Each structure stands twice: as C-alpha cells, then as structure tokens.
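The values are calculated or read from the model by the stated rules, or taken from the named source; none is laboratory data. Please read all numbers here as calculations on a predicted model, not as lab measurements. For neighbour counting, all protein chains shown are included, and Cβ atoms are generated from backbone atoms with ideal geometry for every residue, glycine included. Surface areas here come from the heavy atoms of the whole protein model, side chains and all, with no ligands, DNA or RNA. Shrake-Rupley method; radii C 1.70, N 1.55, O 1.52, S 1.80 Å.
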Amino acid sequence: MFIDYLINLLGTVYKVPGTIDPDKSFVDLEVDSLSLAELGAQLEDELGVEVAEEDLSSLTTVSELARLLESRGADIPA
C-alpha cells in the first residue's frame, strides 16, 4: 500500500526515471538530498506523521520508508 504510494510519488513529483525498485536506496534511485528533504516535508503534510531527517537518508530504501510510515500510523490520502 505505502510502497505503491511512494513509487507513484517518486515517479510523478520527483521525476525518478524508469522502474522504481522499492529495495533500492534513494542514492541508487538518484534522489538528491534536497529532494529527500522535500519528500519528508510532503509526507508530513499529506500523511500527518513526522518524518525526521534521520529517518530519511540517501541510504534508506523505499521499502524501509514504507514500513516506517505504516508503523507510525500514516493514512494515505484518498
């Protein structure tokens, strides 16, 4: 559920090219630090959960971020 949401967000908003493998890190997906900061802020605004800078590093994978969001009780907007 969160993996699909994040993949869609990364592909459409952050323009990550090609097929996004959820087990690749953000550095492997070529997401830069500014985009990660923006992503964290966007997730906080849209999902209502805190995503600290330490939670979202260049080595974090999409799958890890999805698990973090789920564990914090985030709700995907309709």
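Computed quantities for the displayed model
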{"read-out": "Inter-label distance for GLU53 and SER33, nm, one decimal - labels placed 7 Å from Cα along Cα-to-Cβ", "value": "0.9 nm"}
{"read-out": "Entry for Cα Rg over 2.2 N^0.38 Å (calculated from the structure that is shown) out of [x] 1.05; [y] 0.97; [z] 1.42", "value": "[y]"}
{"read-out": "Where labels lie 7 Å past Cα in the beta-carbon direction, separation of GLN42 and THR19 in nm", "value": "2.3 nm"}
{"read-out": "Whether region 28-71 is rounded, prolate or oblate, judged on the alpha carbon gyration tensor where a/c under 1.5 counts as rounded", "value": "oblate"}
{"read-out": "Nearest-ten-degree value, helix 2-12 long axis tilted from longest Cα axis of the chain", "value": "50 degrees"}
{"read-out": "Where LYS15, LYS24 fall by accessible area, highest first, once all protein chains stay in place (1.4 Å)", "value": "LYS15, LYS24"}
{"read-out": "Rounded to the nearest 10 Å², the accessible area of GLU46 at probe 1.4 Å", "value": "80 Å²"}
{"read-out": "Accessible area of ILE3 in the full protein assembly, 1.4 Å probe (Å², nearest 10)", "value": "60 Å²"}
